[in-house]
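Colleague: The structure follows.
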Amino acid sequence: MSESAMRNKISPISLFYILFICRIVVSLTSIHSVSTTEINSQALISFIIAMIMTVVFSLPAVFCYKTNKNPIDVKWVSKFYYAYFLLVGAISVSRFSYFASTTLNPETQSWLFALIICVCAFYGATLGIEALSRFSAFAFVLLSLAILSVTLCNFNTFNDINFYPIISSHNNDILKNALVFSSNTSEIAFFLVLYPRVNGKCTRMFVRFILLSFSAVFILLYFAVAVMGDSIAIRNFPFYSFFQISKFGSFERLDVLHISFWIMGVFIKAVTALYCACSCIKRKFKRNFAFVSSLAVFILSVIMLNFTDGQGIDYKINLILFAVFCVIFPALTLVFKKKNYGDELVKMY
């Protein structure tokens, strides 16, 4: 195959890296943004249920890929996806900006962090999907080493008693929390935009991304609950606090790892959201349109910082948006949209 035919294409494993990092960064944020109850052993049960739910919810998108029917190909639907991706990017930017301005550097205005991220995201989006995939692979390797390091460093402080009582509230709360965990997987919508740019079959990699990303967060959550106990419930950024109390020999406060990977993660997610948003409207990437879109993300993130304290949007609204763009639209596409035979001929020849 010629080099030109491979341009603007990524491998299935590269798709895995991008989606994995995008999903992980959600869990590094303020826990009040992604959970309706306090973090304890009950949250571990919710997370396992959420992983199964997410696989089920992703089936319409997977079948869209299998049958070559994509809701993004419907012009009026793609405009709604454009707005959704801008909102997803703004949520990630606002959450990190809130964390940076309240924890890392309280003297700096939160909007300045949002501006820096949006400028970097615009630049990253202009480099294309191939550059994004390479950086995501680099981040994946480092993140895997960080998770391994922080878990090994806390074996001595692991305490089983912190898991009790295992269930402290009603079963409905467990299912409700599982739905909230699952609804933060906007990567299902990312998949609808990115899979036409994958050179090869990507169904297995997509399912692996869900299983492994949830498993990685579960491991972090499992150790955080076992080490921090009840004190994790009063932490606004529990994973940051978990890394903070971890130490490796004379090297204490591994929170630098958490901060570093959150920065890389929010950059990758912002770039991915911006790239997917622009791809919904412009089939050929336009720099000017990407600039306007990144400006829209910045404005939305500032609004969220001022009116929601950096927590993004209410979980009920997020749940509705997830259902519409990740489940309902793909499902309706399977039923009503005709198969795109033109794309199949292009692939064959």
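The values are calculated or read from the model by the stated rules, or taken from the named source; none is laboratory data. Keep in mind it's a predicted model, so treat the numbers as computed, not measured. Neighbour counts run over all protein chains shown; Cβ positions are idealised from the backbone, glycine included. Only protein heavy atoms, including side chains, enter the accessible area calculation; ligands, DNA and RNA are left aside. Shrake-Rupley method; radii C 1.70, N 1.55, O 1.52, S 1.80 Å.
Colleague: For Val207 paired with Gln109, estimate the spin-label separation in nm (one decimal), with each label point 7 Å from Cα along the Cα-to-Cβ line.
Modeller: Taking the simple label geometry, Val207 and Gln109 are separated by 5.0 nm.
Colleague: While we're looking at this one, here's another question. With all protein chains present, how much of the accessible area of the chain (probe radius 1.4 Å) comes from carbon and sulfur, to the nearest whole percent?
Modeller: 65
Colleague: Quick one: order Glu187, Glu130 from most to least accessible surface, probe 1.4 Å.
Modeller: The ranking, largest first, comes out as Glu130, Glu187.
Colleague: Suppose all protein chains stay in the model; what accessible area per residue would a 1.4 Å probe give for the chain, in Å²?
Modeller: Result: 47 Å² of accessible area for each residue.
Colleague: So how do 221-228, 148-155, 188-195 stack up, highest first, on mean other-Cβ count within 10 Å?
Modeller: Ranking, from highest mean packing down: 188-195, 221-228, 148-155.
Colleague: So what's the chain giving for Cα Rg divided by 2.2 N^0.38 Å, two decimals?
Modeller: 0.98
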